[in-house]
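**Student:** The structure that follows is given in the form of structure tokens.
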Amino acid sequence: MKHHIIDPTAGQPSGSGVIASFVLASTALVADSLATVLIVRPELESRLCSKYQAKAKLVSANMAGLLHSS
């Protein structure tokens, strides 16, 4: 599944499979930035949330369209 957020390393829409991200952080700026980054690089969730003392929920879909959240 493609997303409207562009992966800067590929110059293409993110193909990570994450279709939505929700982040609670100390400021809206941090929450919005992390939510955007985590759509492109979901493998950074633990490290970034720890660094910025944030909580995140990522939603992805598999090829059959079934949703999964982390």
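**Student:** So, in nm, how far is label S46 from label I19 when the simple model puts each one 7 Å beyond its Cα toward the Cβ?
**Tutor:** Each label point is offset 7 Å from its Cα along the Cβ direction, giving 2.6 nm.
**Student:** Turning to a different aspect of this structure: Roughly how many debye, to the nearest 20, is the charge dipole of the range 1-64 about its Cα centre, given +1 on each Lys and Arg Cβ, -1 on each Asp and Glu Cβ, and no other charges?
**Tutor:** Working: 6 positive and 4 negative charges, 24 e Å.
Computed about the Cα centre, the dipole is about 120 debye.
**Student:** Hey, what did the chain get for relative contact order, percent, Cα under 8 Å, at least 6 apart?
**Tutor:** Reported as a whole number, the value is 31 percent.
**Student:** One-quarter of the Cα convex hull surface for the chain, in nm²?
**Tutor:** Dividing the Cα hull surface by four gives the mean projection, 4.5 nm².
**Student:** Distance in nm between label sites at S26 and L67, each 7 Å beyond Cα in the beta-carbon direction?
**Tutor:** In this crude spin-label approximation the distance works out to 3.2 nm.
Rule-based calculations on the coordinates, nothing more; no lab input. Here the structure is a predicted model, which means the values were calculated and not measured. Backbone-built Cβ (ideal geometry, glycine too); neighbour counts: all protein chains shown.
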